[in-house]
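To keep things clear, I will list the structure first and then write my remarks on it.
The values are calculated or read from the model by the stated rules, or taken from the named source; none is laboratory data. In this text, all values refer to a predicted model and were calculated from it rather than measured experimentally. When we count neighbours, we look across all protein chains shown, and the Cβ atoms used for this are built from the backbone with ideal geometry, even at glycine.
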Amino acid sequence: MSLSTAFNVISSSLAANAAQTAVVSNNIANVNTPGYSREIGNVVTNSYGGSDVASITREANAALLEQVSTSTSQAAAQQAISDGLTRLAQTVDDSSSTSSTSGANQNGASPSAMLANLQSALTTYADSPSSSSAADAVVSAASDLASSLNSASATVQQVRETADQNMASSVGTINSLLNQFTSANNAVVTGLQTGANVSSAEDTRDSIVTQLAQQIGVSTTVAANGSESIYTDSGVTLFQDTPRTVSFTPTPTLVDGANGGVVTVGGVPVTGANSPMPIQSGALAGYAAIRDTLAPEYQAQLDQVAGGLINAFGEGDQSASPTLPSLPGLFTTPGETSLPSMLATTGLAAAIEINPNVDPSQGGNPNLLRDGGISDPGNPAYTYNPTGAASYTGRIQDLIGQISATRSFDPSAGLDSSASLTDYANASVSWVQAQNQQASDASSYQNAVATQATSALSNATGVNLDAEMTNMLNLENSYASTAKLLTTVTSMFTALLQAA
Amino acid sequence: MTIVGANFVSTNYLANSLVGPVMQAQSQLTNAMTEMSTGQYADLGLQLGDQSGYELSLKEQVGQLQTLTTGNSVVSTNLSTAQSALTAIQSNAQTTLNNLAAWTPSGTSGASLQNMGQSGLQSLISGANTTSGDQYVFGGINSAVAPIADYYSTPASAAKTAVDQAFQTTFGVLPSDPAAANISASDMQSFLSGPFAALFQGASWSTDWSSASSDNTSATIAPGQTVTTSTNANQAGFQQLAQAYTMLSEFGGSALSSDAQQAVATAAASLVSQGADSMIDIQAGLGSSQSAITGANNSMSSQLTILQGQLGNLDNVDPTATATEISSLTNQIQMAYELTARLQQLNLAQYLPVT
């Protein structure tokens with residue numbers, strides 16, 4: 001080997017050393033960048049016997065990345081569902097109450113607790129039917145029950161409207177992420193063709209996919225030219241060379257029975273009952289589940305309770321040979337002239353009110369509770385106590401019986417179709433709390449999985465400062481040796497030239 | 001040198017690995033503190049899930065039993081009031097009976113018969129019009145109206161008018177008329193058991209005497225247990241006593257002959273005795289309702305204990321377990337803080353010689 005070859009080796013060594021130092025510096029600079037994949041300089045022996053950094057490998061791990069995005073999607077969906085259900089569960093939140101040690105009115109604010117209070121008030125009224133304060137107490141308990149159904153119904157509507165707004169902002173985020181993805185993907189494709197370092201562009205792509213997974217469940221594939229395609233977890237294309245348009249029209253007001261708009265990806269509906277390929281995960285799927293399934297189901301249960309109440313407190317024709325139809329009594333809805341069918345109760349929970357004829361604050365007569373005739377005061381056909389006896393308890397006992405009597409409910413509301421009003425209201429509370437518990441558990445679980453997957457990914461592809469420092473020391477030593485070599489070869493040259 | 005597999009830990013992960021567990025422990029600690037201070041689960045709904053409805057139904061049962069127990073005290077008060085009024089009526093009847101037994105016809109003895117009748121009738125009427133709260137206890141369900149109108153009112157009550165009218169119809173004179181002295185004992189007897197007795201029965205009774213309803217009030221004293229909680233002034237006892245006292249009051253001090261007065265006294269004694277007996281029967285009936293209420297209260301109180309025990313099982317946290325949880329969480333958090341501080345020291349750069 002000639003001395004000039006030695007020079008060549010030295011200069012390639014210095015160049016390789018510089019390239020590796022750049023890699024180490026880059027790694028150290030990004031030690032705290034989430035989602036950064038560490039780089040490794042691949043050193044090979046060149047034709048002179050020296051060394052070259054032939055390429056830089058990005059320490060990616062597609063499998064773990066996929067796991068991170070899947071678990072992130074699941075966690076985001078469950079989180080969205082859990083948030084919505086927590087708000088629904090507030091309508092039945094009785095946990096602030098004590099164990100009812102001091103009688104009624106201690107049971108919280110749920111329709112179920114209000115129904116129990118009404119039953120208690122009626123029981124007290126039955127013991128003192130001549131007491132107008134007992135009658136007033138029944139009317140006010142009934143009024144509380146109606147308001148609690150109204151406010152629960154309003155909460156459901158709010159939850160659905162919030163979910164609708166969240167869907168709109170989620171769709172906005174998805175579209176903007178897809179646009180960012182386009183430029184990152186183009187950078188990778190062009191970079192690969194020109195042989196440039198695409199690590200940073202690939203990091204950006206991965207980070208966008210992870211952010212996208214928050215909003216909508218995704219899966220990805222990479223084509224031979226390095227272009228990455230994104231599909232929803234249900235298989236609809238979100239990005240293939242160009243982004244597909246995700247569109248959604250928000251509905252600002254979602255009253256009971258109204259359906260919100262659907263999200264479409266490139267024209268294919270991905271939410272709603274009629275979607276051929278509904279998305280399964282991501283916050284968007286969670287919001288859609290709340291808006292389209294869970295909240296409406298709870299609303300239907302509230303409507304059933306309201307319908308059941310109006311029917312239970314309805315007044316029948318008391319004539320010897322009844323001919324007149326039964327009419328709404330204590331509970332009614334504005335302008336109602338007949339008892340509602342239990343199969344068409346939409347909107348009742350929002351509209352239910354106590355009959356003004358029995359409400360003293362609206363000029364009504366609370367004694368009609370005992371005597372009957374709330375539906376049509378003065379009409380003898382609907383009067384249960386024709387003599388006006390002050391201690392007549394037949395009607396009051398009848399009403400108490402109606403609350404605990406088994407009635408039929410619409411099975412499509414998701415609860416047992418044959419139950420007493422009390423049991424049905426309790427079953428509805430159980431339903432909400434069970435859904436809330438499940439969503440909360442699932443959310444904690446998926447969050448734990450996502451954290452685990454993120455840690456695993458970070459350990460597989462992240463930077464360890466100590467390792468980089470060790471590399472740095474190696475490089476320092478190698479640099480020092482090379483410099484020493486250079487000095488030695490130079491002095492050899494000098495000696496050679498002086499000898500000459 | 002390449003490090004792979006489980007041995008490789010990224011510095012970012014190492015630095016942040018304790019953040020998650022610390023936050024989780026802190027939120028658990030908050031819950032545990034709440035549980036410690038309230039004795040109940042921090043979020044009951046989340047804890048119970050689909051048991052929530054069952055828990056609510058237990059609470060409702062507790063509330064229902066408490067309402068019934070409270071209501072029973074109102075009913076008991078009404079019943080006790082009725083009982084003491086009945087006792088008074090019954091003892092008055094007994095006194096009258098004793099007085100009648102001691103009575104013998106003489107010149108002025110008519111006035112004492114009349115006094116007996118008058119005071120007896122007044123106390124019967126005031127007894128029958130006893131109120132408890134705003135309810136007349138002997139009114140049946142028609143508890144807002146005094147069951148028996150004042151006999152001695154001015155203008156003359158319907159009852160008084162009807163009595164005078166019946167006497168006039170039968171004998172052609174009023175009891176105070178001197179001509180009434182001609183009425184024989186047997187005529188008087190048949191008048192008393194005939195037209196006069198009819199005034200205290202059936203439609204005449206409800207028209208002239210009683211505003212009470214024959215329907216008694218009833219109350220639910222325990223779930224599914226309903227008892228009659230009043231009696232009413234239409235019971236035979238009230239009619240018999242009213243009849244006896246009225247005949248004494250109206251015909252005792254009248255112009256009747258001694259024989260006829262004797263007939264009045266005899267008829268009255270028999271009615272008062274029957275009336276006193278039926279008062280005892282009525283009291284027995286109410287007494288059985290009272291004992292039913294006592295029994296119901298006892299059984300509801302033991303049910304309440306059981307139900308509240310069940311509720312406690314669902315709602316309450318074990319204070320010992322919570323205390324242990326709090327101390328172990330506090331330890332965990334302290335440990336995590338310490339570790340975080342130490343991990344920050346674990347950095348190769350700190351140990352390299354400065355050149």
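Here A:Thr271 clears all of (1) of a type in the set (Ser, Thr, Tyr); (2) buried (at least 23 other Cβ atoms within 10 Å of the Cβ); (3) over 19 Å from A:Thr232 (Cα atoms) except the condition numbered (3). Looking only at residues in the stretch B:55-69 that are hydroxyl-bearing (Ser, Thr, Tyr) and at the interface with chain A (Cβ under 7 Å from one of its Cβ atoms), which one is farthest from B:Gln290 (Cα to Cα)? Applying the filter and picking the extreme gives B:Ser57. Scanning the stretch B:232-246 turns up one or more residues that are β-branched (Val, Ile, Thr) and part of a helix (DSSP H, G or I). Among the residues making up the stretch B:84-111, those that are under 21 Å from B:Ser230 (Cβ atoms) and crowded, with 19+ Cβ neighbours inside 10 Å are B:Ala85, B:Leu86, B:Ile89, B:Gln90, B:Asn92, B:Ala93.
Report whether or not B:Asp150 is touching a residue at least 40 places away in the same chain (Cβ under 8 Å) and either surrounded by 13 or more Cβ atoms within 10 Å (Cβ to Cβ) or among the small types (Gly, Ala, Ser) (or both).
Judged against the criteria, B:Asp150 is not a match.
Screening the candidates A:Val188, A:Val222, A:Val209 for the property of being among the hydrophobic types (A, V, I, L, M, F, W, C), under 23 Å from A:Val449 (Cβ atoms) and in contact with an Asp or Glu (Cβ under 9 Å, 6 or more places away or on another chain) yields one hit, A:Val209. Within the set B:Met36, B:Met116, the sole residue that is away from every other protein chain (no Cβ under 14 Å) and buried (at least 20 other Cβ atoms within 10 Å of the Cβ) turns out to be B:Met116. For the stretch A:388-412, a residue qualifies if it is under 13 Å from A:Pro129 (Cβ atoms) and of a type outside the set (A, V, I, L, M), and the qualifying residues are A:Gly388, A:Ser391, A:Tyr392, A:Thr393, A:Gly394, A:Arg395, A:Gln397, A:Asp398. One residue alone among A:Ser219, A:Ser247 is surrounded by 15 or more Cβ atoms within 10 Å (Cβ to Cβ) and either in contact (Cβ under 8 Å) with a residue 40 or more places away in the chain or on the phi > 0 side of the Ramachandran plot (or both), and that residue is A:Ser219. Counting the residues of the stretch B:310-343 that are without any contact (Cβ under 8 Å) to a residue 40 or more places away in the chain, part of a helix (DSSP H, G or I) and either away from every other protein chain (no Cβ under 14 Å) or exposed (fewer than 11 other Cβ atoms within 10 Å of the Cβ) (or both) gives 12. So which residues in the stretch B:11-28 are at the interface with chain A (Cβ under 9 Å from one of its Cβ atoms), touching a helix residue (DSSP H, G or I) at 6+ places or on another chain (Cβ under 8 Å) and either at pLDDT 85 or above or part of a helix (DSSP H, G or I) (or both), if there are any at all? Once the filter is applied, which keeps residues that are at the interface with chain A (Cβ under 9 Å from one of its Cβ atoms), touching a helix residue (DSSP H, G or I) at 6+ places or on another chain (Cβ under 8 Å) and either at pLDDT 85 or above or part of a helix (DSSP H, G or I) (or both), the stretch B:11-28 yields B:Thr11, B:Asn12, B:Tyr13, B:Leu14, B:Ala15, B:Gly20. Do the conditions hold for B:Gly117, that is, is it more than 26 Å from the chain's Cα centre (by Cα) and at pLDDT below 85? The answer is no for B:Gly117. Of the helices (runs of 4 or more DSSP H) lying entirely inside the stretch A:303-422, not one is found with 3 or more residues being buried (at least 18 other Cβ atoms within 10 Å of the Cβ) and free of Cβ contacts under 8 Å to residues at least 12 places away in the same chain.
Each row is one residue, and each column tells you yes or no for (1) outside any loop (DSSP other than H, G, I, E, B); (2) over 18 Å from the mean Cα position of the chain (by Cα).
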site	(1), (2)
A:Gly226	no, yes
A:Tyr231	yes, yes
A:Thr249	no, yes
A:Gly257	no, yes
A:Thr271	no, no
A:Ser275	no, yes
A:Ile279	no, no
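Being within 13 Å of B:Gln64 (Cα to Cα), at pLDDT 90 or above, assigned to a helix (DSSP H, G or I) and within 9 Å of chain B (Cβ to nearest Cβ) is the requirement here; does A:Ala113 meet it? For A:Ala113, the condition - within 13 Å of B:Gln64 (Cα to Cα), at pLDDT 90 or above, assigned to a helix (DSSP H, G or I) and within 9 Å of chain B (Cβ to nearest Cβ) - is not met.
On the given criteria, is B:Ala144 surrounded by fewer than 20 Cβ atoms within 10 Å (Cβ to Cβ), closer than 20 Å to B:Ile282 by Cα and either of a type in the set (A, V, I, L, M, F, W, C) or within 9 Å of chain A (Cβ to nearest Cβ) (or both)? The answer is no for B:Ala144. Scan the stretch A:284-291 and tell me whether some residue there is charged (D, E, K, R), touching an Asp or Glu at 6+ places or on another chain (Cβ under 8 Å) and not in a loop (DSSP other than H, G, I, E, B). Within the stretch A:284-291 (the criterion being charged (D, E, K, R), touching an Asp or Glu at 6+ places or on another chain (Cβ under 8 Å) and not in a loop (DSSP other than H, G, I, E, B)), the answer is yes, since at least one residue qualifies.
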